[in-house]
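S.K.: Could you have a look at this structure, given as structure tokens, before my questions?
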Amino acid sequence: MSGNTFGVLYCVTSFGESHGPAYGGVVDGCPPGLELKNEDLQKELDRRKPGSSRHVTQRRESDAVEILSGVFEGRTTGAAIGFLVRNEDARSKDYSAIAEKFRPGHADYTYWQKYGVRDARGGGRASARETVVRVAAGAIAKKWLKERYGVVIRGCLAALGKNEIPFQSWGEVDRNPFFMANAALVKKMEAFMDELRESGDSCGARVNVVAEGVPVGWGEPVYGRLDADIAAAMMSINAVKGVEIGAGFAAIAQKGSEHGDEMTPQGFVSNNNGGVLGGISTGQAVTVSIALKPTSSIRLPRRTIDKSGRATTVETTGRHDPCVGIRATPIAEAMLACVLMDHALRHRAQCGDVTPPTRLSR
């Protein structure tokens, strides 16, 4: 199975399965000299780990990370950073009843058709638990970007099912189990999720991510566009079915006089392009929104086929997130951080000596 590595200069490779002994990652390309310890990764992993509230899967994992290489006396050496997160609470027996069936909306059928074999325990390699590696790698990128360039990356849940969540304050995001930037709606969302969970069904979600402090000039035109790489990274997250940069699909209804971000000596008047023009960062905030589909593993009976092609039904028991979008915020932040760090290094390698002749305030 190929396709386990992403990035050009900041490269991340992951390995492991949902019910295997562990997940692990290798980060290649992190510059030397960054102060780094297990705790730097752990604080981000704790944000996405399962069992954090009644609204997510009750699988109990500490997600304790151990850095194995690439760090000496508390600082990165420039060598590959290897780390490991062990699986502690897998229940493979929960999947015995569906080992011969394909769950609708899941990767079961496509994995079976492509490889001729599939790990039915929790989805194996297709499990969203693989994102533990991305979050750990993103923690390294977040720290380097903030220390080197002052870039701050934050995200929040913007919609839960049909419930829109207006933005109020970043300070609220880590104070509730939904990563919502709106304290007033927490009880309403809790009631919504309780009802959804009891029904045995699931729902989708929307997550917004913003990177502030991104310098002008990151990204390559044509085939190395910053926005294209961000979109690809976001689409690689389990259950993501849509990505918007800036105004996104709202640009359809805008006129050119509305959408084009006018400039003054004081800076841009708007940011409909999400901080990217021609595939290159403008110096404005990079804004991204992702749409996550409803969880495919649900208790309700669904029509499907078995490995022999016979018609049957499937009901998925075990522990699953009624909405995978609830824990997606730190994952989306991590992927944006990895892409931005990759492009920061690529820009430094080619254009590090260039002094921009014209500057706008942000």
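S.K.: Compute log10 of I(q)/I(0) for segment 186-328 with the Debye formula, placing one identical point scatterer on every Cα and leaving out solvent, at q = 0.15, 0.17 Å⁻¹, to two decimals.
M.R.: Cα-only, vacuum Debye calculation for segment 186-328: -0.86, -0.97.
S.K.: Using +1 at the Cβ of each Lys and Arg and -1 at the Cβ of each Asp and Glu in segment 270-362, identify which of Cys351, Leu300, Ser270 lies farthest towards the dipole's positive end.
M.R.: It is Leu300, whose Cα lies furthest towards the positive end.
S.K.: Can you give the percent of C-alpha pairs in segment 55-144 whose distance is more than 16 Å?
M.R.: When every Cα pair of segment 55-144 is considered, 66 percent fall beyond 16 Å.
S.K.: Which value, in Å² and to the nearest 10, is the accessible area of Ile237 when all protein chains are kept and the probe is 1.4 Å?
M.R.: Its heavy atoms expose roughly 10 Å² to the probe.
S.K.: Of Gly279, Gly124, Gly256, which is the most mobile in a GNM of the chain whose springs link Cα atoms less than 10 angstrom apart?
M.R.: Among Gly279, Gly124, Gly256, the largest mean-square fluctuation in the Gaussian network model of the chain belongs to Gly256.
S.K.: Bin width 10 Å, alpha-carbon pairs only: give the P(r) of segment 139-224 as whole percents, running from 0 to the bin holding the largest distance.
M.R.: Distribution as computed: 15, 35, 26, 17, 6 percent.
S.K.: Expressed as a whole percentage, what fraction of the accessible surface of segment 150-261 belongs to carbon and sulfur atoms when a 1.4 Å probe is rolled over the protein heavy atoms?
M.R.: Ligands and nucleic acids excluded, carbon and sulfur reach 54 percent.
S.K.: How big is the charge dipole of the chain about its Cα centre, in debye rounded to the nearest 20, if each Lys and Arg gets +1 on its Cβ and each Asp and Glu gets -1 on its Cβ?
M.R.: That gives a dipole near 820 debye.
S.K.: To the nearest 10 square angstrom, how much accessible area does Lys43 have with a 1.4 angstrom probe?
M.R.: Result for Lys43: roughly 120 Å² accessible.
S.K.: Calculate the spin-label point distance for Thr264 paired with Ala184, positioning each point 7 Å from the Cα along the beta-carbon direction, and give it in nanometres.
M.R.: 3.0
S.K.: In nm, give the distance between the simple-model label positions of Ile305 and Ala253, each being 7 Å from the Cα along the Cα-to-Cβ direction.
M.R.: So the two model labels end up 4.1 nm from each other.
S.K.: Another question, then. Along the Cα→Cβ direction, 7 angstrom out, place labels at Met1 and Gln168. What is the inter-label distance in nm?
M.R.: 4.2
S.K.: Compute the projected area of the convex hull of the Cα atoms of segment 282-362, averaged over all viewing directions, and report it in nm² to one decimal place.
M.R.: If you wrap the Cα atoms of segment 282-362 in a convex hull and average its projections, you get 9.7 nm².
S.K.: Per residue, how much accessible area does the chain have with a 1.4 Å probe, in Å²?
M.R.: 47
S.K.: Roughly what percent of Cα-Cα pairs across segment 1-58 reach past 16 Å?
M.R.: 64
S.K.: With the Cα gyration tensor of segment 72-221 giving a ≥ b ≥ c as the square roots of its eigenvalues, does the rule (a/c under 1.5 for rounded; else a/b larger than b/c for prolate; else oblate) give rounded, prolate or oblate?
M.R.: oblate
S.K.: Are there any GluC sites (Glu not before Pro) in segment 16-89 that are in a DSSP loop and have at most 16 other Cβ atoms within 10 Å? List them by number.
M.R.: Glu73, Glu88
S.K.: What FRET efficiency would be calculated for the residue pair Thr317, Ala191, taking the C-beta separation as r and a Förster radius of 30 Å, to the nearest 0.05? Spell out each step's value before the answer.
M.R.: Numbers: r = 24 Å, r/R0 = 0.82.
The computed FRET efficiency comes out at 0.75.
S.K.: Whole number please: convex hull volume per residue of the Cα set in segment 236-291, in Å³?
M.R.: 88
S.K.: Report, in whole Å, the centroid distance computed from the Cα atoms of segment 1-47 and segment 223-300.
M.R.: Distance between centres, Cα-based: 25 Å.
S.K.: Identify which of Lys255, Lys101, Lys307 has the largest mean-square fluctuation in a Gaussian network model of the chain, with springs joining Cα atoms closer than 10 Å.
M.R.: Of the options given, Lys255 has the highest mean-square fluctuation.
S.K.: Ignoring ligands, DNA and RNA, please state the percent of accessible area on segment 62-134 from carbon and sulfur, probe 1.4 Å.
M.R.: Taking all protein chains in place, segment 62-134 shows 51 percent carbon and sulfur surface.
S.K.: Expressed in nm to one decimal, what extension gain is obtained for the pair Tyr223 and Lys43 from 0.36 nm per residue of sequence separation less their Cα-Cα distance?
M.R.: 61.3 nm
The values are calculated or read from the model by the stated rules, or taken from the named source; none is laboratory data. Remember, it's a predicted structure, so these values are computed and weren't measured experimentally. Every residue, glycine as well, gets a Cβ built from its backbone with ideal geometry; the counts of neighbours run over all protein chains shown. Just so you know, the surface numbers come from the protein's heavy atoms only, side chains and all, with ligands and any DNA or RNA stripped out. Shrake-Rupley method; radii C 1.70, N 1.55, O 1.52, S 1.80 Å.
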